[in-house]
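Undergrad: Before we start, here is the structure in question, set down as structure tokens.
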Amino acid sequence: MKLVSYYFQTDVNRQLKRGVLLDGGVLPVTGDFNALGETDLANLQAQLERANGAGLVPLEQVQLGAPLPNPPKIICVGLNYSDHAEETGMTPPPTPLLFAKWSNTLIGPDAPVFLDGTSQQVDYEAELVFVIGKPAYKVPEEHAFEYIAGYMCANDVSARDLQFATPGNQWSRSKSLDGFCPIGPYLATSDEIADPHNLRIACRVNQQTLQDSNTSKLIFKIPTLLSFLSQGMTLQPGDIVLTGTPAGVGFTRKPPLFLKPGDVCEIEIEGLGTLRNNFVER
């Protein structure tokens, strides 16, 4: 299933609803956005089968939102692609390098990212996200996939001038400006993705491909990340984990390339659709 949130274009209050993305439209379903366990997903599948296509809302009548509009945690992994580590000249960390984004960063597909001048060096980062489906605590790597509900695209938008302005770097602040975590366009349940470690991942800015890699280049694979995170910290249903970005980011280019008002950034991951956002001057 491809799970989405949406609101009707005519709804001035923009009240988000839950749905399943199908060919030609969205089928409304009921249930908590963060209810992603096996029983919850089975209930959604049953709703889908009972509807048998009835009640489908045409895509042109809706605007998609962030598939998970209120995740309990937004956890990010830095320097986790071998090609990205190489382009930065940094040594890959011995254990996963973690930071957080805050809830103010979260937006959905086609939502604008407002640039207000706080940063002059706004960068893009295509990332694969995995989503927690049930409480996970001290999970062995060999059981990690049992706790994953699905996958989606994300853009770990980063203010490089803020990130590198102080000794030790300001990872969380530089990556937590308003709108700096677009996700979507949908959450693909785990059964939709045969191998999350063999997906093409790309970023385009104004239709120019700037990142083009494969998730096979992840340094710490998903089972390692989930097991590591769950040591002493309980992962909750709906938590999202951004797994890192591949080579091609703006600050490593010569000359550097940063996002500006008027730019359109697209993140595309094989099987997970295309996440598109406009960058707009506030």
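Undergrad: Tell me whether region 121-190 comes out rounded, prolate or oblate; compute the Cα gyration tensor, take square roots of the eigenvalues as a ≥ b ≥ c, and use a/c under 1.5 as the rounded threshold.
TA: On the way: a/c = 3.43, a/b = 1.79, b/c = 1.92.
Oblate is the answer for region 121-190, as a/c is 1.5 or above yet b/c matches or exceeds a/b.
Undergrad: Which aspartates and glutamates have a Cα lying under 15 Å from the Cα of LYS134, excluding residues fewer than 8 positions away in the same chain?
TA: Partners within reach: ASP32, GLU38, ASP40, GLU146, ASP239.
Undergrad: Would you please report the Å³ per residue occupied by the convex hull of the alpha carbon atoms in the chain?
TA: 127
Undergrad: Right, another one. Rounded, prolate or oblate: pick one for region 186-226, where a ≥ b ≥ c are the square roots of the eigenvalues of its C-alpha gyration tensor, a/c under 1.5 means rounded, and failing that, prolate if a/b is larger than b/c, else oblate.
TA: Oblate, because a/c is 1.5 or more while a/b does not exceed b/c.
Undergrad: Å³ per residue of the Cα convex hull, for region 2-65? Mind dumping the intermediate values first?
TA: Details: hull volume 4.9 nm³, N = 64.
It comes to 77 Å³ per residue, whole-number rounded.
Undergrad: Quick check on the exposure proxy: order TRP171, TRP102 from fewest to most C-beta atoms within 10 angstrom. Each step should come with its number before you reach the end.
TA: On the way: TRP171 18, TRP102 15.
Ascending Cβ contact count within 10 Å gives the list TRP102, TRP171.
Undergrad: I've got another one for you. Just the number: Rg to Rh for region 92-214, Cα atoms, Kirkwood Rh, two decimals.
TA: On the way: Rg = 16.0 Å, Rh = 16.3 Å.
Computed over Cα atoms, the ratio is 0.98.
Undergrad: Given charges of +1 on the Cβ of Lys and Arg and -1 on the Cβ of Asp and Glu, with all other atoms neutral, how large is the dipole of region 103-217 about its Cα centre, in debye to the nearest 20?
TA: 220
Undergrad: Cβ under 12 Å from ARG282's Cβ, ARG282 left aside: what net charge do those residues give with Lys, Arg +1 and Asp, Glu -1?
TA: Numbers: positive: none; negative: ASP116, ASP178, GLU281.
Residues near ARG282 contribute -3 overall.
Undergrad: Of LYS101/LYS260; LYS101/LYS138; LYS17/LYS221, which sit over 31 Å apart, Cα to Cα? Show your work: numbers first, answer last.
TA: On the way: LYS101/LYS260 21 Å; LYS101/LYS138 23 Å; LYS17/LYS221 33 Å.
With Cα atoms farther than 31 Å apart: LYS17/LYS221.
Undergrad: In whole Å, how far is the Cα centre of region 74-100 from that of region 110-139?
TA: So the two Cα centres are separated by 15 Å.
Undergrad: Let me ask something else about it. Beyond 27 Å, what share of the Cα-Cα pairs of region 1-138 remains, rounded to the nearest whole percent?
TA: Tail fraction, whole percent: 38.
Undergrad: If you don't mind, there's one more thing I want to ask. Just how large is the dipole of the chain about the Cα centre, in debye to the nearest 20, putting +1 at every Lys and Arg Cβ and -1 at every Asp and Glu Cβ?
TA: Charge dipole, the chain, about its Cα centre: 540 debye, nearest 20.
Undergrad: Suppose we look only past 22 Å in the calculated P(r) of region 60-152. What percent of the Cα-Cα pairs does that tail hold? Don't skip to the answer; put the middle values down first.
TA: Details: 1991 of 4278 pairs.
Result: 47 percent of Cα pairs exceed 22 Å.
Undergrad: Got a sec? Charge dipole of the chain, +1 on Cβ for Lys and Arg, -1 for Asp and Glu; which of PRO93, GLY250, PHE164 is way out at the positive end?
TA: Comparing the listed Cα positions along the dipole, PHE164 ranks first.
Read-outs throughout are calculated quantities, based only on the coordinates presented, and are distinct from any laboratory measurement. Remember, predicted model here, so these are calculated numbers, not experimental data. Positions of Cβ are generated from backbone atoms using ideal geometry, with glycine treated the same way; all protein chains shown enter the neighbour counts.
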